[in-house]
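What follows is a single structure, written as structure tokens, with notes after it.
The values are calculated or read from the model by the stated rules, or taken from the named source; none is laboratory data. Bear in mind that the values here come from a model prediction, so they are computed numbers and not experimental data. No Cβ is skipped: glycine too gets one built from the backbone with ideal geometry, and neighbour counts run over all protein chains shown. Calculation scope for accessible area: heavy atoms of the full protein, side chains included, ligands and nucleic acids excluded. Shrake-Rupley method; radii C 1.70, N 1.55, O 1.52, S 1.80 Å.
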Amino acid sequence: MKLTHIIPLLTLTTAVYAAPQTFDFKDPKGVNNAVFKLDAPLESINGSASGISGTVLFDPENPAATTGKIIVASESLTVPNPMQKEHLHGANWLDVAKYPEITFEAKSLANVKTEGNVTTADATGTFTLHGVSKELTVPVKLTYLKDKLSARVPNLKGDLLVIRANFVINREDFNIQKGQYEDKVSPTIDLSLSIAGASVTK
Amino acid sequence: MAALLREIDSSQLKFTVKKILQILALLIVLGAIGTWLATGASRGWTKTEVQTESIEPVTEMRVLHTEKKFIAGVDFLGAAFGGAALLAGASLFFRKPKAN
């Protein structure tokens with residue numbers, strides 16, 4: 001093979017290698033979760049959501065270029081008290097029938113620091129809750145686990161990307177009982193995301 | 001049954017109902033306190049499920065496990081005491097029979 005043929009082939013190979021991978025966050029193990037906490041006088045309201053999906057484009061060679069969208073099914077939000085859950089899903093609070101999804105679409109990363117397979121950054125994107133979209137900057141931790149998919153899901157080969165994020169939102173920014181029940185339920189909501197996405201290799 | 005009821009004086013019947021209502025109220029209070037203590041004496045709201053956490057070995061990610069479990073809270077006690085108070089209150093409408 002002539003050198004003139006090898007150079008374009010090498011360039012193509014490098015380009016394919018450096019291409020961002022698509023990680024699917026529809027977890028086959030169903031353990032992806034988001035946890036939320038609201039302070040209240042008797043005891044804090046702690047709940048979780050499991051209906052997580054979405055995709056993230058991540059390039060291990062260039063984590064700063066990460067983009068993607070994570071979707072949480074509003075219906076999957078749950079709290080241990082059945083009456084509180086009914087109120088949470090109802091028209092006066094999240095109105096899950098009208099607004100079935102809570103989303104965060106990451107558009108850019110800043111302050112990116114990578115050590116080994118762990119990248120920390122501030123992700124800026126659009127957070128949509130209760131039909132209201134706001135620009136948010138959220139600290140995230142990305143852990144890239146090369147060839148670890150088979151250890152988690154047998155019969156599947158590929159890589160894993162774990163995303164962890166902890167941040168606070170104000171329910172009033174999203175028109176959820178604005179100015180109401182502040183003495184009973186805190187206007188701030190602590191959110192904690194812990195999710196793993198898979199990039200399957202064929 | 002009708003014959004039996006005819007034999008019982010109406011004031012005696014009222015007294016019996018009064019006693020039944022008071023005993024029911026007492027049973028509800030005792031049952032509620034017993035249930036509350038048996039399920040952990042929670043001073044929070046009633047729960048029908050509990051979550052525990054573990055760490056997934058591959059990803060070292062937090063994993064939540066949800067288990068159906070009834071934990072009586074202060075709202076459960078409040079509802080039981082309220083119901084018992086209604087029954088006890090209703091029993092006051094039934095007087096003791098007068099001595100002949």
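So here's what we get for this one:
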| item | result |
| --- | --- |
| Checking A:K157 against (1) within 12 Å of chain B (Cβ to nearest Cβ); (2) within 18 Å of A:V200 (Cα to Cα), the condition it does not meet | (1) |
| Condition check for A:A18: exposed (fewer than 12 other Cβ atoms within 10 Å of the Cβ) and modelled with pLDDT of 95 or more | no |
| Looking only at segment B:56-91, and only at residues there that are in contact (Cβ under 8 Å) with a residue 12 or more places away in the chain and more than 17 Å from the chain's Cα centre (by Cα), the one that is nearest to the other protein chains (Cβ to nearest Cβ) | B:L64 |
| Among (1) in contact (Cβ under 8 Å) with a residue 60 or more places away in the chain; (2) under 21 Å from A:V31 (Cα atoms), the one test that A:N92 misses | (2) |
| Pair list, Cβ under 6 Å, 6 or more apart: segment A:27-49 residue more than 8 Å from chain B (Cβ to nearest Cβ) and closer than 17 Å to A:E182 by Cα, other residue acidic (D, E) and open to solvent by 20 Å² or more (accessible area, probe 1.4 Å) | A:K37/A:D190 |
| Those residues of segment A:22-42 which are touching a Gly at 6+ places or on another chain (Cβ under 7 Å) and closer than 21 Å to A:N170 by Cβ, in sequence order | A:F36 |
| Any hit, segment A:95-108, residues being closer than 29 Å to A:E182 by Cβ and without any contact (Cβ under 8 Å) to a residue 24 or more places away in the chain | yes |
| Identity of the residue in segment B:31-55, within 20 Å of A:M83 (Cα to Cα) and aliphatic (A, V, I, L, M), that ends up farthest from the other protein chains (Cβ to nearest Cβ) | B:A32 |
| Check on A:A165, outside any loop (DSSP other than H, G, I, E, B) and within 13 Å of chain B (Cβ to nearest Cβ) | yes |
| Hits in segment A:166-202 - residues which are of a type in the set (D, E, K, R) and surrounded by 15 or more Cβ atoms within 10 Å (Cβ to Cβ) | A:R171, A:D173, A:D190 |
| Condition met for A:E172 (away from chain B (no Cβ under 14 Å), touching a Ser or Thr at 6+ places or on another chain (Cβ under 7 Å) and acidic (D, E)) | no |
